[in-house]
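Asker: First, the structure itself, so that you have it in front of you.
Values in this text are rule-based calculations from the coordinates and carry no lab data. This one's a predicted model, so the numbers in the text were calculated from it and none came from an experiment. For neighbour counting, all protein chains shown are included, and Cβ atoms are generated from backbone atoms with ideal geometry for every residue, glycine included.
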Amino acid sequence: MATHKSAMKRNRQSLARRSRNAAYKTKAKTAIKETRLAIANKDLEGARVSLSKTASVLQKIQSKGVIHKNNSSRKIARLAREVNKLAAVSSEGDKAAQPDSPE
């Protein structure tokens, strides 16, 4: 345990930061889970809205130094790729459901 005055203050600061960072990380994980759940349920609109929210949360915690910027960029890119894949599949399904118009 710290015994010097400055070391005790540093310890208090570290504990406060650790607690705050844990809360930010939990918020990010929850947002990612919501996006993945929308993708799994094939809810395209929900996935797009959730992706926007998740990207915002990830960029915010990245700006605060909780996670590295490459980490947040990678997570956003992977989620966006999944949402785009879902959009492509659903648009193919819409085309298959519509009969071809006579030309």
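Asker: Would you pull out the residues with amide H under 5 Å of VAL66's amide H, same chain only if 5 or more places away, H placed 1.01 Å from N?
Answerer: Correct list: empty.
Asker: So if R0 is 41 Å, what FRET efficiency would SER6 and LYS64 give, r being the distance between their Cβ atoms, rounded to the nearest 0.05?
Answerer: 0.95
Asker: So, in nm, how far is label LYS33 from label ARG18 when the simple model puts each one 7 Å beyond its Cα toward the Cβ?
Answerer: With each label placed 7 Å out from Cα toward Cβ, I get 2.3 nm.
Asker: Here is a further query. With the contact rule set at Cα under 8 Å and sequence spacing of 6 or more, what percent relative contact order holds for the range 20-84?
Answerer: Details: 49 pairs, mean separation 22.9, N = 65.
Value for the range 20-84: 35 percent.
Asker: Hey, another quick one. Per DSSP H run of at least 4 residues, take -39500 (n - 2.57); add these up for the chain, divide by its residues and hand me the 222 nm value, nearest 500 deg cm²/dmol.
Answerer: My calculation for the chain gives -29500 deg cm²/dmol from helical runs alone.
Asker: Let me ask something else about it. For the residues MET1, MET8, what sequence is obtained by ranking on other C-beta atoms within 10 Å, fewest first?
Answerer: So the ranking, lowest neighbour count to highest, is MET1, MET8.
Asker: Hey, if you drop one equal point scatterer on each alpha-carbon of the range 20-84 and run the Debye formula without solvent, what base-10 log of I(q)/I(0) do you get at q = 0.26 Å⁻¹?
Answerer: Reported log10 I(q)/I(0), two decimals: -1.06.
Asker: So how do THR35, THR3, THR26 line up by other beta-carbon neighbours within 10 Å, fewest first?
Answerer: THR3, THR26, THR35
Asker: While we're on this one: For SER73 and ALA87, compute 0.36 nm times the residue count separating them, minus their Cα-Cα distance, and round to one decimal in nm.
Answerer: Taking SER73 through ALA87 to full extension adds about 3.0 nm, to one decimal.
Asker: Something else now. Return VAL66, VAL89 ranked ascending by Cβ neighbour count within 10 Å, so the fewest neighbours appear first.
Answerer: Working: VAL66 20, VAL89 12.
With the fewest neighbours first, VAL66, VAL89 line up as VAL89, VAL66.
Asker: Let me ask something else. Once whole DSSP H runs in the chain are found, which of them have Cα atoms spread over 27 Å or more along the helix axis and a mean Kyte-Doolittle score of at least -1.0?
Answerer: 44-63, 69-97
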